[in-house]
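Beneath this line is the structure, given in C-alpha cells, with notes to follow.
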Amino acid sequence: MGTFNDTRNISEYITKNNEDFQKKLLSEAVNVASNIEGILKAGNIDLLKNAQRLVLYVVENSTDKLITFAKEEGVAWAKYSITLAFKLEWVHAIRRTLWHFIKHYEPLNENVNNVETFYKLEQRINDGIDEFLNTFLISYSQYKDELILSQRKLVEHLSVPIIPISTTVAVLPLIGTFDSYRMNIIEEKILTDISRLRILTLIIDLSGISDMDEVTISHFQKVLIGISLMGAKSILTGLRPELVRQMVHIGIDLNSYTETKATLQQTLNKYLV
C-alpha cells in the first residue's frame with residue numbers, strides 16, 4: 001500500500017471506502033444528517049459530495065483548490081441563508097470521521113513509531129480543515145455584509161425621492177435622521193438626477209429634519225456647493241430653529257450658494273404658477 005506519508009494513497013483509501021466514510025460521517029453529525037435533503041433542496045448543496053471534496057483537498061494538501069472551494073461554499077450557504085450551526089457541526093464531524101479512517105489506515109500502524117511523520121500529517125490535516133472553515137466563514141460574512149449594504153443602499157435611494165414638478169424644477173423632501181452614510185447617498189442621488197433630469201432648480205424641504213451633527217452639516221454644505229457647480233440652483237425650505245442654530249454655531253453660511261424659503265408650500269406656489 002505504500003508509505004504512510006504518501007498522501008495519494010491516503011486519498012485513494014478514502015475514495016475506495018467512500019460508502020463507509022459517508023455512513024460514519026452521518027453518524028457523527030446527527031442534526032445535519034436529518035436535514036441533508038432540505039439543504040440539497042434549498043441551495044442545491046450536496047453535503048456528502050462536498051465532504052469528499054473537502055477531505056481529498058485536505059489530505060492531498062491542495063491549498064488553492066481548498067480555499068476556492070471554501071469561498072464558493074461560503075457564498076452558497078449565505079445566499080440561501082442556511083444556518084451556520086449546520087456547517088460547523090458538519091465540518092467538525094468531517095474532521096472526526098477523517099481521523100477515524102486515518103487511524104485504521106494500515107500504513108499508519110506500520111509507521112506508528114515515526115512520530116515526526118505522524119505530527120506532520122496531523123498538522124497538515126488540521127490546518128487544512130481550519131483553513132477551510134476560516135475561509136468559509138469569511139466568505140459567508142462578506143456575502144452577508146455586501147447583501148445588507150446593497151439592500152440598505154436600495155432603501156436609502158428609495159428614501160431620497162426627487163420629484164419633478166416641471167421640466168426644470170424638482171422637489172426633494174428629506175425626513176428622518178441623517179449620518180454620513182445617508183448623506184453620501186443623497187449627494188450621489190442629487191448630482192446624478194440633476195444631470196439625468198436636467199434640473200435647473202432643486203427645492204430641498206428640510207421640515208422633516210430636526211438636527212444633524214456637525215460632520216453631516218458640513219457634508220450637506222458641500223452637497224449644496226455641488227448643486228451650484230452643476231449649474232443648478234438649490235432652494236431650502238422648512239428649516240427648523242434647532243437646525244438653524246446648529247448651522248450658525250459652526251459658522252455655516254448658506255447665502256453664497258443657496259436660497260432659503262419659509263415653507264415648501266410658499267415655494268411651490270411660486271414655481272407652479
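The numbers here are math on the coordinates, done by the rules we state, and not lab data. Only a predicted model underlies this, so the values are computations on that prediction, with no experimental measurement involved. For neighbour counting, all protein chains shown are included, and Cβ atoms are generated from backbone atoms with ideal geometry for every residue, glycine included.
Using the Cα centre of the chain as origin and beta-carbon charges of +1 (Lys, Arg) and -1 (Asp, Glu), tell me which of Leu137, Thr260, Gln22 is placed farthest towards the positive end of the dipole.
Thr260
Excluding Thr216 itself, what net charge comes from residues whose Cβ is under 12 Å from its Cβ, given Lys and Arg +1 and Asp and Glu -1?
Details: positive: Arg182, Lys222; negative: Asp179, Glu187, Asp211, Asp213, Glu214.
Once positives and negatives cancel, what remains is -3.
Give the residue list of trypsin sites (Lys or Arg not before Pro) in segment 157-216 that are DSSP loop and have at most 14 other beta-carbon atoms within 10 angstrom. If you can, show how the numbers build up before the last one.
Numbers: sites: Arg182, Lys189, Arg196, Arg198; in loops: Arg198.
When the trypsin sites (Lys or Arg not before Pro) of segment 157-216 are filtered for loop state and at most 14 Cβ neighbours within 10 Å, Arg198 remain.
For Arg152 and Val248 in one chain, what is 0.36 nm times their gap in residues minus the Cα-Cα distance, to one decimal in nm? The partial results should precede the final answer.
Details: separation 96, 0.36 × 96 = 34.56 nm, distance 3.19 nm.
The span from Arg152 to Val248 would gain 31.4 nm if fully extended.
In degrees from 0 to 90, rounded to the nearest 10, what is the angle of the helix 47-59 Cα long axis to the longest principal axis of the chain?
Between helix and principal axis, roughly 70 degrees.
Under 5 Å between amide H atoms, partner at least 5 residues away or on a different chain: which partners does Lys261 have, H built in plane at 1.01 Å?
Leu236, Thr237, Gly238
May I ask for log10 I(q)/I(0) of segment 163-272 at q = 0.10, 0.19, 0.20 Å⁻¹, from a Debye sum over the Cα atoms as equal point scatterers with solvent left out?
-0.25, -0.98, -1.10
Of Ser166, Gly208, Ile148, whose Cα points farthest to the positive end of the dipole of the chain (charges on the beta-carbon: +1 Lys, Arg; -1 Asp, Glu; origin at the Cα centre)?
Ser166
Determine the distance separating the Cα centre of segment 123-137 from the Cα centre of segment 256-273; give it in Å without decimals.
First find each Cα centre; the distance between them is then 63 Å.
Near Ala29, within a Cβ-to-Cβ distance under 13 Å, what is the net charge of the other residues, with Lys and Arg +1 and Asp and Glu -1?
Local net charge: +3.
Exactly which chymotrypsin sites (Phe, Trp or Tyr not before Pro) in segment 63-96 are in a DSSP loop and have at most 15 other Cβ atoms within 10 Å? Numbers along the way, then the final one.
Numbers: sites: Phe69, Trp77, Tyr80, Phe86, Trp90; in loops: Tyr80.
Sites meeting the loop and neighbour criteria: Tyr80.
Which of the residue pairs Lys71/Lys144; Lys24/Lys71; Lys23/Lys71 have a Cα-Cα distance greater than 18 Å in the structure shown? Could you put the intermediate results ahead of the total?
Details: Lys71/Lys144 13 Å; Lys24/Lys71 26 Å; Lys23/Lys71 26 Å.
Checking Cα-Cα distances, Lys24/Lys71; Lys23/Lys71 exceed 18 Å.
Which angle between 0 and 90 degrees, to the nearest 10, do you get for helix 7-16 versus the longest principal axis of the chain when only C-alpha atoms count?
The two axes meet at around 90 degrees.
Could you give the size of the charge dipole of the chain about its Cα centre, using +1 on the Cβ of each K and R and -1 on the Cβ of each D and E, expressed in debye and rounded to the nearest 20?
900
Does anyone have the angle between helix 63-79 and the longest principal axis of the chain? Alpha-carbon axes, 0 to 90°, nearest 10?
For helix 63-79, the angle is close to 50 degrees.
What is the Cα coordinate range of segment 7-148 on the first, second and third principal axes, sorted by size from largest, in whole angstrom?
The principal-axis extents, from largest down, are 53, 28, 20 Å.
Average projected area of the Cα convex hull of the chain, in nm²? Kindly include the intermediate steps, with their values, before the conclusion.
Working: hull surface 85.8 nm².
Orientation-averaged projected area of the Cα hull: 21.4 nm².
I need to check one value: relative contact order of the chain, counting alpha carbon pairs closer than 8 Å and at least 6 residues apart, in percent. Before the final figure, lay out the partial values.
On the way: 304 pairs, mean separation 39.6, N = 273.
Relative contact order comes out at 15 percent.
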